[in-house]
Amino acid sequence: MKFIVIGCGSIGERHIGNLLSISAGEVLAYDTDQARLKTVKEKYKVDTFSDLSPALKQKIDAFIICVPPNLHLTYALEGLKRNAHVFIEKPISHTINGVAKLNKDAKKKNLIVYVGYNMRFHPGLKLVKQLLDEGKIGRVLSADVEAGQYLPDWHPQQDYRRSYTARKELGGGIILDGSHELDYIRWLIGGEVKEVTCLAGKISRLEVDVEDTAEIILKFDNSIITRVHLDFIQRGYSRSCKLIGEEGTIIWSYTKKKVRLFSAGDNKWQETDIQFEPNEMYIEEMKHFIKCVKGEEKPVVDGDTGKRVLEIALAAKKSAATGRVIKL
């Protein structure tokens, strides 16, 4: 297979390295930033392009899109036009406009649109999903989700003010960038979000023009109420979820690398250590995408799922802006 990675920032470089490490095939790299191209060419010995046209004279099997969200659909549609499968880093876009067309065109051509919500491959969350599916805590009643970290600490080598997360015109803001949590809680619970309420805004002194904090309340069609806290202002990395059921409670902590299960029947906690390297999620995700391209597996996060998560995120933004409950 032949891949072209569109955008060679931190996540693009990660995918280049992972594709090569699993011997997925030939990898090309495109970016308008010459310094990034120089880095990946020297480090990974791949062919690089600052102009996309010459690269697309070759037969490309898959586009790996790692540019800011406001450019996702542009490159995804270009990929489909050239009969290439498309892997899009989350979110699928910064606006709902054009997403339905993308998915429709892909289905018409029997091409894969995959959205990169890599938390689906975290072993801790996979264990949580298994425990829920096995009914270990009975019917889920409520959930609490949190993710936060100080934006300048995300990529210390980069000026945070230049990151897409910090800039509205690029599709930034913590709600879109933090939509991993919106995706995985929807996956864990298994229901569909029907109402969204959100308070959000810029409350820090960071030089950004987007919301840096959001408190989102999701009401699912099965009456489960979930709180999702997202921020890029807190010092120290925090990521966890808690699910409350009629027969027990499950707590997952990314930083503590643990899953805890409380069973009302036994009246005690059980604890499972989750030891893994973060890059393993991305490797498993890319292996899955390749199997989807080959027809061996069905995408766990297809274009329709990406569209639904985006709708929830945009509903949260709308709720914060209007002060209203948004029904989906």
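The values are calculated or read from the model by the stated rules, or taken from the named source; none is laboratory data. These figures come from a predicted structure and were not determined experimentally. Don't worry about glycine lacking a Cβ; one is built from the backbone with ideal geometry, like all the others, and counts go over all protein chains shown. The accessibility values were calculated without ligands, DNA or RNA, using every heavy atom of the protein model including side chains. Shrake-Rupley method; radii C 1.70, N 1.55, O 1.52, S 1.80 Å.
Calculation over all alpha carbon pairs of the stretch 134-283 in 10 angstrom steps from 0 returns a P(r) of 11, 35, 33, 17, 4, 0 percent. Bridge orientation summary for the chain: considering DSSP beta bridges with both residues in this region, about 60 percent are antiparallel. Across the stretch 26-130, Cα-Cα pairs more than 22 Å apart make up 41 percent of the total. Greater than 26 Å separation of Cα atoms is the criterion. Which listed pairs, K109/K307; K43/K104; K104/K294; K2/K109; K81/K287, meet it? Pairs exceeding the cut-off: K43/K104.
Peptide packing: for 269-276, 17-24, 299-306, 185-192, the average count of neighbouring Cβ atoms within 10 Å per residue gives the ranking 299-306, 185-192, 17-24, 269-276, highest mean first. Angle of helix 303-322 to the longest C-alpha principal axis of the chain, folded into 0 to 90 degrees and rounded to 10: 60°.
For the stretch 107-166, the average shadow cast by the Cα convex hull is 8.1 nm², which is a quarter of the hull's surface. Under the convention that each Lys and Arg Cβ holds +1 and each Asp and Glu Cβ holds -1, the size of the dipole of the stretch 73-228 around its Cα centre is about 720 debye. Once the Kirkwood radius over Cα pairs is known for the chain, the Stokes-Einstein relation at 4 °C and 1.567 mPa s delivers a diffusion coefficient of 63 µm²/s. Simple rule: put +1 on each Lys or Arg Cβ and -1 on each Asp or Glu Cβ in the chain, find the dipole, and look at G306, G191, I96; the Cα lying farthest toward the positive end is I96. Couplings for the stretch 131-143, taken from phi via the Karplus curve 6.51 cos²θ - 1.76 cosθ + 1.60 with θ = phi - 60°, read 5, 5, 5, 7, x, 5, 10, x, 5, 6, 10, 7, 8 Hz in order; Gly and Pro are left as x.
With a sphere of radius 13 Å drawn around the Cβ of K59, what net charge do the other residues whose Cβ falls strictly inside it have (Lys, Arg +1; Asp, Glu -1)? Neighbourhood net charge equals +1.
Here the sum of -39500 (n - 2.57) over DSSP H runs of 4 or more residues, divided by the residues of the chain, equals -10000 deg cm²/dmol at 222 nm, to the nearest 500. Here the accessible area of the chain is 48 percent carbon and sulfur, with a 1.4 angstrom probe and all protein chains present.
In plain terms, the bigger the Kirkwood radius, the slower the diffusion; for the stretch 94-193, with that radius from Cα pairs, at 10 °C and 1.306 mPa s, Stokes-Einstein puts D at 96 µm²/s. Taken about its Cα centre, the chain carries a charge dipole of roughly 600 debye when the Cβ of each Lys and Arg holds +1 and the Cβ of each Asp and Glu holds -1. Accessible area per residue for the chain is 45 Å², calculated with a 1.4 Å probe on protein heavy atoms, without ligands, DNA or RNA.
Restricting attention to the stretch 119-227, lysine pairs at least eight places apart or on different chains and with alpha-carbon atoms under 30 angstrom apart total 13.
Computed from Cα atoms, the angle from the helix 99-109 axis to the main principal axis of the chain rounds to 60 degrees. The solvent-accessible area of Y160, taken with every protein chain present and a 1.4 Å probe, is close to 40 Å².
Placing +1 on the Cβ of every Lys and Arg and -1 on the Cβ of every Asp and Glu, with no other charges, gives the stretch 5-98 a dipole of roughly 80 debye about its Cα centre. Accessible surface ranking for D212, D105, 1.4 angstrom probe, highest first: D105, D212. Partners of K107 within straight-line reach, counting aspartates and glutamates whose Cα lies under 12 Å from its Cα and excluding those fewer than 8 residues away in the same chain: D302, D304.
Do you know the relative contact order of the chain, to the nearest whole percent, from alpha carbon pairs under 8 angstrom that are 6+ apart?
19
When the stretch 1-80 is described by a simple charge dipole with +1 on each Lys and Arg Cβ and -1 on each Asp and Glu Cβ, the residue from G17, F63, Y75 located farthest towards its positive end is G17.
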